[in-house]
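Below you'll find the structure, written out as structure tokens, and then a few comments.
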Amino acid sequence: MSDPTLESIVATHGHVDNSFNIAVHPLLEIVQSIINRSTYVVERNVVYGNMKVQEETVDHMFKSPNINLPFCTLKAISCELSTGSCKLAGEVREDVARELTLSILKKLSNCSWDAKAVLIVAAFALDYGEFWHLVEPHQSDHLARPLAILKGASVLLKKPAELQKGRQTIAEFNRLIKRTLQVILLIYELETLSRSYSSKDVPELAIASESIPVAVYWVIRTTLACATNIAIFISKDHEDKSAGDLDLLVSSVQKINRMADDLNIHLSICKKQIVPVDTHVLLEKLFHRTPFRINEVLKAMIFGNNIERIKKYEAQTYEAVVNIAQGLEGKKVLWLFSDVDVSDDFINKVIIPNGEKIKKEIIEQYQIVWIPIVYEWTNEAKEKFNQLVKNKPWFPVQYFSLIAGISFIKIEWQFKNKPMVVVTSSQGKVEYRNNALAVVDQISIWDYIIPQLDPTYPEWFRPFEKYMIDIDKDITSTWIKEGKCIFFYGGKDSVWIKEFEEKATKIIEEAKAEIKLVCLNKISSKLAGQFWSTVENLFLSLIKMDINNQQANERAIREVRKLISYRNEKGWAILFKGLNVVTSGYGTTISKVFDDFEKWRDQLINDSKFEDIFEKYHDKVVKENSKVCYRFEIENGSEKEIPYHALQCPSCSRAMRRFLSFNCCHEDNVE
């Protein structure tokens with residue numbers, strides 16, 4: 001007969017009855033103590049024949065736990081085991097063993113899986129422990145000998161020859177009982193983890209949960225096999241049993257060994273997956289602790305809760321991180337997270353501050369910490385790391401494993417496997433975050449972190465300037481600062497783009513205006529995606545400024561917010577004059593201004609500037625169209641990062657409603 005399927009085993013499992021409260025852990029401690037002591041007695045009296053046996057696993061000072069034992073349940077299972085073992089002792093049949101095992105499972109249907117396993121072995125330990133306790137009674141224990149006769153232990157007491165004949169069999173089952181106890185400990189540990197962690201955080205728990213019912217089945221089956229062989233041995237019937245029958249009954253040896261190996265693998269993987277989850281919780285506490293301690297944060301970010309193990313086995317790495325932490329005390333920290341494929345040019349131009357542009361006293365307020373995020377540290381990756389860290393004013397973390405804080409930076413700081421910068425104050429408060437740095441961008445991150453570098457130059461304009469110069473080589477920073485006009489436009493509809501260019505070119509010629517047309521669609525979709533990520537991060541950094549800066553940059557925040565809303569539109573356009581936005585709008589309103597050119601062209605005769613007239617007429621079109629309000633999506637931010645004041649419609653100033661949006665994104669495969 002074949003082994004039972006997972007479905008047939010799970011079918012015996014009912015709703016767990018919480019009123020039938022079994023203290024699994026204390027009961028397991030008792031069972032461990034009985035099994036450890038019993039197997040030790042077996043080894044001393046049977047396996048090694050009065051030789052000295054190491055007692056490492058024997059608890060000399062057993063402390064009785066405070067527990068209300070389910071005596072009736074234990075006695076009922078004990079009776080099932082006794083009846084079943086005697087039945088099998090008379091005729092060893094695998095189908096009977098299977099039916100008896102499922103029958104016991106049904107009787108324990110309202111217990112959790114780990115409770116089932118512990119209860120069955122506890123019931124077995126009642127008889128097994130007592131049997132071996134009676135084998136070597138104390139001389140003053142006059143009750144033990146008559147009890148030993150009733151229990152069958154007198155066979156071993158009176159006839160050592162009988163003992164020697166069955167030595168090998170008893171030794172095998174002694175090892176099997178120990179192995180079964182190991183499996184129960186693994187089941188208990190995995191079940192305990194499943195009650196503390198979700199399978200979303202620890203995916204391996206979901207896989208392990210499918211193995212546990214089968215493991216419990218084989219724990220019961222093996223326990224029944226052990227009880228049966230003891231019954232056969234006591235009845236002196238073992239010589240009459242064919243080797244085939246006994247081999248059939250103990251086939252559970254291979255099964256229980258396989259279960260132990262499988263559950264060990266599941267547990268090992270679970271523990272690895274738990275590290276970033278526990279570290280996430282720890283880092284949240286540390287970042288909100290007063291006083292803030294950067295040394296504890298850095299160690300937790302790298303090592304999590306494994307600090308003692310790291311101290312012991314990777315002392316040099318631990319000391320290096322401690323030394324870095326000492327250099328961060330009292331400083332603002334610029335955290336750089338990236339793989340090792342970033343270039344020296346990117347680091348020097350984007351990450352390292354320019355001493356010629358930034359005052360020394362400002363630079364001294366910061367320290368840069370580079371934490372490489374590498375999922376597999378190959379020799380090639382290590383070599384790239386060693387090349388990148390040379391001759392740079394920063395603190396690189398040399399830890400050739402995936403950092404423990406990976407879950408924290410992915411969830412709290414929205415790390416998306418792209419170069420990311422987070423700036424924290426000396427008190428651990430996040431002051432700036434950019435989680436989508438484009439490695440092709442050459443805009444210094446310090447232009448965003450320290451906007452006061454050039455008070456005459458609006459820092460929010462920098463990404464536009466960079467991309468416009470890349471698209472049209474005739475445009476230079478000098479040309480922009482001279483105050484000349486640029487139409488920066490784009491959209492999903494190529495027909496609208498073509499019509500816009502035709503209308504704009506014709507009207508600019510008639511108006512004799514000097515205006516450049518710069519289309520975002522002329523760069524690759526990958527670069528365009530990086531542009532929108534840059535704009536999103538610009539928006540998130542602007543809204544995190546203190547209230548005085550927010551008021552001063554209210555126009556910038558509004559315009560950037562409007563631009564984000566254009567991302568998925570058919571058409572949009574922004575009219576720049578030098579460093580300033582004149583006006584911006586959806587393709588429909590911009591096209592309407594062009595279509596109505598005859599209505600406002602006469603205003604150009606009176607020496608009025610094109611940009612001023614265009615702005616006024618566009619404002620008029622927007623007001624006439626009451627439906628021109630905005631919606632925008634932030635891909636790289638989280639809800640708690642966006643305060644209420646940032647969620648006002650750029651058009652009507654009313655509060656905008658929040659919507660949840662979910663999109664499957666295979667970041668690693670994006671070209």
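At Lys429 and Lys285, where each label point lies 7 Å from the Cα along Cα→Cβ, what is the point-to-point distance in nanometres?
For Lys429 paired with Lys285, the spin-label model returns 2.4 nm.
Quick one: what are the phi-derived ³J(HN,Hα) couplings along the stretch 396-404, Karplus 6.51/-1.76/1.60 with θ = phi - 60°, whole Hz, x for glycine and proline?
Whole-Hz 3J(HN,Hα) from phi for the stretch 396-404: x, 9, 9, 9, 7, 8, 6, 5, 5.
Per residue of the stretch 509-521, what does 6.51 cos²θ - 1.76 cosθ + 1.60 with θ = phi - 60° give for ³J(HN,Hα)? Whole Hz please, x for Gly and Pro, Karplus curve as stated.
Calculated HN-Hα couplings, in order: 5, 5, 7, 6, 9, 9, 9, 8, 9, 10, 9, 5, 5 Hz.
Count charges around Thr378 for me, please; just the other residues with Cβ under 13 Å from its Cβ, Lys/Arg as +1, Asp/Glu as -1.
-3
For a quick check: with amide H placed at 1.01 Å from N, whose amide H comes under 5 Å from Val582's, ignoring anything fewer than 5 positions away on the same chain?
Answer set, sorted by chain and number: Leu575, Phe576, Lys577.
Determine one quarter of the surface area of the Cα convex hull of the stretch 289-434, which equals its mean projected area, and express it in nm² to one decimal.
Its Cα hull, projected and averaged over all orientations, spans 9.0 nm².
Report, in whole Å, the centroid distance computed from the Cα atoms of the stretch 339-410 and the stretch 173-227.
Here the two parts' Cα centres lie 44 Å apart.
For Thr424, what is the net charge nearby, where nearby means another residue's Cβ is under 10 Å from its Cβ and Lys, Arg count +1, Asp, Glu -1?
Residues close to Thr424 contribute a combined charge of +3.
Given the Cα-Cα distance of Lys178 and Asn379 and 0.36 nm per residue of separation, how much length would full extension add, in nm?
Stretched out fully, the Lys178 to Asn379 stretch lengthens by 68.1 nm.
Arranged from highest to lowest average of other beta-carbon atoms within 10 Å per residue, in what order do the peptides 206-219, 518-531 appear?
206-219, 518-531
Taking H as built 1.01 Å from N, whose amide H comes closer than 5 Å to the amide H of Ile368, not counting residues under 5 places away?
Those lying under 5 Å, H to H, from Ile368 are Leu334, Phe395.
Report the net charge of residues surrounding Ile274, where surrounding means a beta-carbon distance below 11 angstrom and charges are Lys +1, Arg +1, Asp -1, Glu -1.
Local net charge: -1.
Quick one: of Lys349/Lys498; Lys498/Lys599; Lys272/Lys349; Lys416/Lys577; Lys473/Lys620, which pairs are farther than 30 Å apart, Cα to Cα?
Correct reply: Lys349/Lys498; Lys272/Lys349; Lys416/Lys577; Lys473/Lys620.
May I ask you to sort Arg221, Arg561 by Cβ crowding, counting other Cβ atoms within 10 Å and putting the fewest first?
In increasing order of surrounding Cβ atoms, one gets Arg561, Arg221.
Where does each of Thr228, Thr505 land when they are ranked from fewest to most other beta-carbon atoms within 10 angstrom?
Thr505, Thr228
Determine the gain in length on full extension of the stretch Thr83-Leu579; use 0.36 nm per residue of separation and subtract their C-alpha separation, reporting nm with one decimal.
Here the answer is 169.4 nm.
For labels at Thr169 and Val16 in the simple 7 Å Cα→Cβ model, what's the distance in nm?
Taking the simple label geometry, Thr169 and Val16 are separated by 3.9 nm.
Could you name the lysines in cross-link range of Lys255, using Cα to Cα under 19 Å and dropping any fewer than eight places away on the same chain?
Lys116, Lys178
Any read-out appearing in this document is the output of simple, stated calculations on the displayed coordinates, not a laboratory observation. Keep in mind the model is a prediction, meaning the values are calculated, not measured. Quick reminder, even Gly has a Cβ in these numbers, built from the backbone with ideal geometry, and neighbours come from all protein chains shown.
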